[in-house]
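Values in this text are rule-based calculations from the coordinates and carry no lab data. The shown structure was predicted, so the numbers you read here are calculated from the model rather than taken from an experiment. Positions of Cβ are generated from backbone atoms using ideal geometry, with glycine treated the same way; all protein chains shown enter the neighbour counts.
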Amino acid sequence: MESNAQERPLVFVTRQESFSAAHRLNSSKLTEEENVAIYGKCNNEHFHGHNYTVKVTIRGPVHPDTGMVVNLSSLKEAIRELIVEPFDHKNLDLDVFEFCKLGIPSTMENLVVIIWKRLFSRFKDLLYEVVVQETNGHYATYRGETC
Ligand SMILES: Nc1nc2c(c(=O)[nH]1)N=C([C@H](O)[C@H](O)COP(=O)(O)OP(=O)(O)OP(=O)(O)O)CN2
Ligand SMILES: [Zn+2]
């Protein structure tokens, strides 16, 4: 079959950034005993910290003139403006609007969704995937899906 001259390759482009932040795992929906039992050392009332890594993947056609899906300068600036600057050297529970307002535990799962929503406001349907890595041992991935 002949290929359509209008068709463009669909490519995924990923940018990685990092930030350091403090947090405490605690749920207002649970009792004190339940919080301790479920979150253990991560429930320490004096907080603890992580060096978080964020990977943001944009999916789209390669523009025939620029050879780009997205200008990585724009992607880098957006991640820094929307994520790194507001989160770096902050307390996620006390300083990040979504955690304060919603009163939800600052798990990687909730964090990756919050980061997705912030970036979606800028990139819309070009945003494909966000990965948040909290330690060398674990990370969470979100692609905007619900179930
Ligand atoms: N489902 C989740 N479980 C846990 C989360 C989370 O975000 N989602 N977070 C934590 C703690 O915040 C923290 O990240 C755990 O730290 P730690 O136990 O030190 O992490 P590691 O297992 O990678 O460290 P090791 O040194 O390898 O034990 C807990 N649970
Ligand atoms: Zn933690």
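Things worth noting here:
- DSSP bridge analysis restricted to the chain gives an antiparallel fraction near 95%, rounded to the nearest 5.
- Extension gain from residue 97 to residue 7, taking 0.36 nm per residue of separation minus the Cα-Cα distance: 28.2 nm
- If R0 is taken as 41 Å, the Cβ-Cβ distance between residue 124 and residue 89 corresponds to a FRET efficiency of 0.90.
- Using θ = phi - 60° in the Karplus curve 6.51 cos²θ - 1.76 cosθ + 1.60, the 3J(HN,Hα) couplings for the range 100-106 round to 4, 5, 7, x, 9, x, 8 Hz; x is entered for Gly and Pro.
- The reciprocal of the average 1/r between distinct C-alpha atoms defines the Kirkwood hydrodynamic radius, which for the chain equals 16.8 Å.
- For the chain, lysine pairs separated by 8 or more sequence positions, or belonging to different chains, with Cα-Cα distances below 18 Å total 8.
- At q = 0.30 Å⁻¹, base-10 log of I(q)/I(0) for the range 88-147 (Debye sum, equal scatterers on each alpha carbon): -1.27
- Environment charge at residue 79 (Cβ cut-off 12 Å; Lys +1, Arg +1, Asp -1, Glu -1): +1
- In this rough spin-label picture, where each label sits 7 Å from Cα along the Cβ direction, the residue 74-residue 34 distance is 4.6 nm.
- Residue-wise HN-Hα coupling along the range 56-69, computed from phi with Karplus coefficients 6.51, -1.76, 1.60 (Hz; x: Gly, Pro): 10, 10, 9, 10, x, x, 6, 5, x, 8, 8, x, 10, 7
- At 1.002 mPa s and 20 °C, Stokes D of the range 23-78 from Kirkwood alpha-carbon radius, µm² per second: 142
- Residue 42 versus residue 136: modelled label distance in nm, points set 7 Å from Cα along the beta carbon direction: 1.9
- Peptide packing: for 122-134, 106-118, the average count of neighbouring Cβ atoms within 10 Å per residue gives the ranking 106-118, 122-134, highest mean first.
- Under the Karplus curve 6.51 cos²θ - 1.76 cosθ + 1.60, θ = phi - 60°, whole-Hz ³J(HN,Hα) for the range 14-24, x wherever Gly or Pro sits: 10, 10, 10, 9, 9, 8, 10, 8, 9, 6, 9
- Each Cα pair under 8 Å and six or more residues apart adds its separation to the average, and for the range 9-60 the resulting relative contact order is 59 percent.
- Under 5 Å from the amide H of residue 11 lie the amide H atoms of 60, 62, each residue being 5 or more positions distant or on a separate chain, with H modelled from the backbone and absent for Pro and chain starts.
- Near residue 47, once Lys and Arg are set to +1 and Asp and Glu to -1 for all other residues with Cβ below 12 Å from its Cβ, the sum equals 0.
- Helices assigned as whole DSSP H runs in the chain whose Cα atoms extend at least 15 Å along their own long axis and whose mean Kyte-Doolittle hydropathy is -1.0 or higher are found at 108-123.
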